[in-house]
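A short worksheet on the structure shown next.
The values are calculated or read from the model by the stated rules, or taken from the named source; none is laboratory data. Note that this is a predicted model, so its numbers are computed, not measured. Cβ: placed from backbone, ideal geometry, glycine included. Neighbour counts: every protein chain shown.
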């Protein structure tokens, strides 16, 4: 090893790292195979692309050089961190550029074709990162140090491996989903007119932490059901108390095994108005139909068209709302009104896990209802990873 | 402390916005730049060098815009900035914002060209670590693909690091910022009170963690992970957790160390308090006493004009007089990853010539060690530099809390 570890480093931070070595090897092998098929000599996960690095190492912060010829990766980590997957990473402190360049050279990549994860937005990961997630100064210096190597985007190489979940990942997602359900129970138990909205927010986060979830921002609204554009809070709401007809639209995220799942549940303080019932019923139907349509091999374009056209038969409106679950910024993200573009041609695979939360709305768009949670794609379509009853929760 | 629901503060004023913009413009003009560019930066979850990155990577843009993710082009000739964000949505500080569209790089380059910067000298904040901001990010915080696109589209402009141009504006807090940090420090102190209330042998550490976070959130803090260290009092290095620890319970004789941060007005305050589940061991008492004296001596010494090197030498030599050891541990407080950074890891050689200024806010938590280095104790919180020295933003007394009940 050319790199010399620094004398001083910060305190080791412990993160969940309980996937098996079988799972590690599955991930490494799947990435290698895809990269080799694309003609790459290695996959490089540089400083900045923390989610892909965590996927490949289970470390809090790392950089990875994974040769496609079957050799194990060189992993750079900080703060003295190591785990069962990566027993001897190259240790660094705050300096990342030099060890990354040395790792590529030690792996013999001076004249190689190097695939860089996180360089650009991917089709199924880093989907909201228009220009990827790579640190400029460090990456530019690495390129300068390896002038004869070629560097290409390989976000989708890692991305499409992340996109299909293994049995171990599926179990973690299921557990995460149960945490999100528990948090929704807490919301429903506490929500009352007059309650400080920040206190409600705090109690839900407390519940998730007690259950073992890593932090993910809770998003809630708390305006009147009559509000057309309710304010969405991703931090504790300041200066707000729940009203007598508050509609709490909640997006509750939970993370277990580094995998993020979300649950969506509207809670109304008061009785559900009669005029809302057909909209809620329509949403139930499109949710369930969508599960049946969500079979392996179906294109997202076909799913979008069927969902978006479903409501018209009832004189109402429906729209797709779906996003991938995983290590973070997973895709595809399909939202009502957005153009799916290239995502239309993507096919659904067995082992995909999505947050499935289609929208139903009255014809005039005044009433909009979204409900859902994590679903896993099997041979017969989507299967919810949760057991919550459909509908608007009414706290009368 | 008033409940979050009863708070009427509506955010920073336009005067505070103008103060920040002008300070950056003045620093930028003095350095000979035509404009300051705060480019699109990597998000803190992905560039997770430390807890500070969660809010630190995009801190310059937040400082200038109050937006979570934006790019800023601020000409130094007094023109207002052009701002690019994800969707073009404005706020009370900026009503006109450009959407990034399908490329941050293209949008930033377009804004620079519209500001007539094709052949300009452009100062770029976040390219490298600075003296008083981005101290943990040696390679800076900028997103590669978008910035490379800017360089490609403006081949005749000159781009140079200007991290310190924005950094030194952030370094001195305005009155509104000090008020926010004061409330943040009070929230963090309430989090510590909750920790003392809940911490008992047998308690699940995740429950302790959750209770502290709940207390701070209900007082209106944004979520900023508690850093929790727990283990037997005799252990020199305790494991550090930044999420609720899973499968661990507090035990008799355990020591709890922490960094309790609260975010108010977008600024990160921090308080720290050692706790022991049992009586304080005799051999710890002189170390704790030394730490208390270090803390107060440092406050007295911390006057505007002092060089950080002078402060570090004073503190680092303080313990020897008692046959023990001491080390400076401090860093700035603000939008995230604030410096200057003096820690056991970063001894401050880079920032010895940085002067303290009135209006600086630091987390001040010097470390005292026994002579053999086996016992180490740090206690502290936010302090404001005033003409009379350092002033605690929330009144607390140095020491270790012993829970024996």
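Here are some residues: A:176, A:159, A:212. Which one is buried (at least 19 other Cβ atoms within 10 Å of the Cβ), in contact (Cβ under 8 Å) with a residue 24 or more places away in the chain and either within 9 Å of another protein chain (Cβ to nearest Cβ) or assigned to a strand (DSSP E or B) (or both)? I'd like the intermediate steps shown before the answer.
On the way: A:176 fails: either within 9 Å of another protein chain (Cβ to nearest Cβ) or assigned to a strand (DSSP E or B) (or both); A:159 fails: either within 9 Å of another protein chain (Cβ to nearest Cβ) or assigned to a strand (DSSP E or B) (or both).
That would be A:212, the only listed residue that is buried (at least 19 other Cβ atoms within 10 Å of the Cβ), in contact (Cβ under 8 Å) with a residue 24 or more places away in the chain and either within 9 Å of another protein chain (Cβ to nearest Cβ) or assigned to a strand (DSSP E or B) (or both).
So which strands (runs of 3 or more DSSP E) stay within segment A:66-127 end to end and still have 1 or more residues that are within 14 Å of another protein chain (Cβ to nearest Cβ) and modelled with pLDDT under 95? Reasoning before the result, please.
Details: elements: A:74-78, A:90-92, A:113-116.
Those strands (runs of 3 or more DSSP E) span A:74-78, A:90-92.
Using the structure shown, decide if residue A:238 is without any contact (Cβ under 8 Å) to a residue 12 or more places away in the chain, in the same structural domain as residue A:323 (by TED's automatic domain parsing) and either within 22 Å of residue B:54 (Cβ to Cβ) or not in a helix (DSSP H, G or I) (or both).
Values: without any contact (Cβ under 8 Å) to a residue 12 or more places away in the chain: no; in the same structural domain as residue A:323 (by TED's automatic domain parsing): yes; either within 22 Å of residue B:54 (Cβ to Cβ) or not in a helix (DSSP H, G or I) (or both): yes.
The answer is no for residue A:238.
Please verify whether residue A:143 is within 12 Å of chain B (Cβ to nearest Cβ), without any contact (Cβ under 8 Å) to a residue 40 or more places away in the chain and over 24 Å from the mean Cα position of the chain (by Cα), treating the condition exactly as stated. Even if it seems obvious, please write down each step before you answer.
Values: within 12 Å of chain B (Cβ to nearest Cβ): yes; without any contact (Cβ under 8 Å) to a residue 40 or more places away in the chain: yes; over 24 Å from the mean Cα position of the chain (by Cα): yes.
Considered against the rule, which asks whether it is within 12 Å of chain B (Cβ to nearest Cβ), without any contact (Cβ under 8 Å) to a residue 40 or more places away in the chain and over 24 Å from the mean Cα position of the chain (by Cα), residue A:143 comes out as yes.
Residues in segment A:184-200: is at least one in a helix (DSSP H, G or I), over 30 Å from residue A:274 (Cβ atoms) and outside the structural domain of residue A:132 (by TED's automatic domain parsing)? Talk me through it step by step, then tell me what you get.
Narrowing segment A:184-200 to residues in a helix (DSSP H, G or I): A:184-190, A:197-200.
With over 30 Å from residue A:274 (Cβ atoms) added as a condition, the list becomes A:198-199.
Right, trim to outside the structural domain of residue A:132 (by TED's automatic domain parsing) and you get A:198-199.
Within segment A:184-200 (the criterion being in a helix (DSSP H, G or I), over 30 Å from residue A:274 (Cβ atoms) and outside the structural domain of residue A:132 (by TED's automatic domain parsing)), the answer is yes, since at least one residue qualifies.
Test each condition in (1) in a loop (DSSP other than H, G, I, E, B); (2) crowded, with 20+ Cβ neighbours inside 10 Å; (3) touching a residue at least 40 places away in the same chain (Cβ under 8 Å); (4) within 10 Å of another protein chain (Cβ to nearest Cβ) for residue A:138 and report the one that comes out false.
Here residue A:138 meets the rest and fails (1).
Going by the conditions given, is residue B:152 part of a helix (DSSP H, G or I) and in the same structural domain as residue B:23 (by TED's automatic domain parsing)? First the steps, then the outcome.
Working: part of a helix (DSSP H, G or I): yes; in the same structural domain as residue B:23 (by TED's automatic domain parsing): yes.
In short, yes.
Go over the candidates B:185, B:262, B:210, B:190 one by one and state the one that is touching a strand residue (DSSP E or B) at 6+ places or on another chain (Cβ under 6 Å), assigned to a helix (DSSP H, G or I) and modelled with pLDDT of 95 or more. Write out each step before concluding.
Working: B:262 fails: assigned to a helix (DSSP H, G or I); B:210 fails: touching a strand residue (DSSP E or B) at 6+ places or on another chain (Cβ under 6 Å); B:190 fails: touching a strand residue (DSSP E or B) at 6+ places or on another chain (Cβ under 6 Å).
Exactly one residue qualifies, and that residue is B:185.
Residue by residue through segment B:62-95, note down the ones that are in contact (Cβ under 8 Å) with a residue 40 or more places away in the chain and in contact with a strand residue (DSSP E or B) (Cβ under 7 Å, 6 or more places away or on another chain).
First pass over segment B:62-95, keeping only residues in contact (Cβ under 8 Å) with a residue 40 or more places away in the chain: B:62-64, B:66, B:71, B:73-78, B:80-81, B:84, B:92-93.
Within segment B:62-95, B:64, B:71, B:73, B:74, B:75, B:76, B:81, B:84 qualify.
Out of curiosity, is residue A:296 within 26 Å of residue A:329 (Cβ to Cβ), more than 14 Å from every other protein chain (Cβ to nearest Cβ), modelled with pLDDT of 95 or more and not in a helix (DSSP H, G or I)? Give the derivation first.
Values: within 26 Å of residue A:329 (Cβ to Cβ): yes; more than 14 Å from every other protein chain (Cβ to nearest Cβ): yes; modelled with pLDDT of 95 or more: yes; not in a helix (DSSP H, G or I): yes.
Here the answer is yes, as residue A:296 does meet what is asked.
Mind counting the residues in segment B:11-43 that are within 14 Å of chain A (Cβ to nearest Cβ) and either in a helix (DSSP H, G or I) or free of Cβ contacts under 8 Å to residues at least 24 places away in the same chain (or both)?
Matching residues across segment B:11-43 total 0.
Name the residue, out of B:59, B:50, that is crowded, with 18+ Cβ neighbours inside 10 Å, in contact (Cβ under 8 Å) with a residue 12 or more places away in the chain, within 16 Å of the chain's Cα centre (by Cα) and at the interface with chain A (Cβ under 8 Å from one of its Cβ atoms).
Working: B:59 fails: at the interface with chain A (Cβ under 8 Å from one of its Cβ atoms).
Just a single option satisfies the conditions, and that option is B:50.
Does residue A:386 qualify as being touching a residue at least 24 places away in the same chain (Cβ under 8 Å) and surrounded by fewer than 24 Cβ atoms within 10 Å (Cβ to Cβ)? Working first, answer last.
Values: touching a residue at least 24 places away in the same chain (Cβ under 8 Å): yes; surrounded by fewer than 24 Cβ atoms within 10 Å (Cβ to Cβ): yes.
The answer is yes for residue A:386.
Which of the residues spanning segment A:187-201 are within 26 Å of the chain's Cα centre (by Cα) and surrounded by fewer than 18 Cβ atoms within 10 Å (Cβ to Cβ)?
Scanning segment A:187-201 gives a single hit, A:188.
Checking the conditions here, which among B:340, B:344 is under 25 Å from residue B:374 (Cβ atoms) and assigned to a loop (DSSP other than H, G, I, E, B)?
On the way: B:340 fails: under 25 Å from residue B:374 (Cβ atoms).
Criteria check complete, one pass: B:344.
Does any residue of segment B:123-145 turn out to be under 30 Å from residue B:307 (Cα atoms), touching a residue at least 12 places away in the same chain (Cβ under 8 Å), away from chain A (no Cβ under 14 Å) and part of a strand (DSSP E or B)?
There is at least one residue in segment B:123-145 that is under 30 Å from residue B:307 (Cα atoms), touching a residue at least 12 places away in the same chain (Cβ under 8 Å), away from chain A (no Cβ under 14 Å) and part of a strand (DSSP E or B).
Those residues that are within 14 Å of the chain's Cα centre (by Cα) and in a helix (DSSP H, G or I), I need them from segment A:164-173; list them, please.
From segment A:164-173, those within 14 Å of the chain's Cα centre (by Cα) are A:164-165, A:169-170, A:172-173; that's our starting set.
The answer is A:169, A:170, A:172, A:173.
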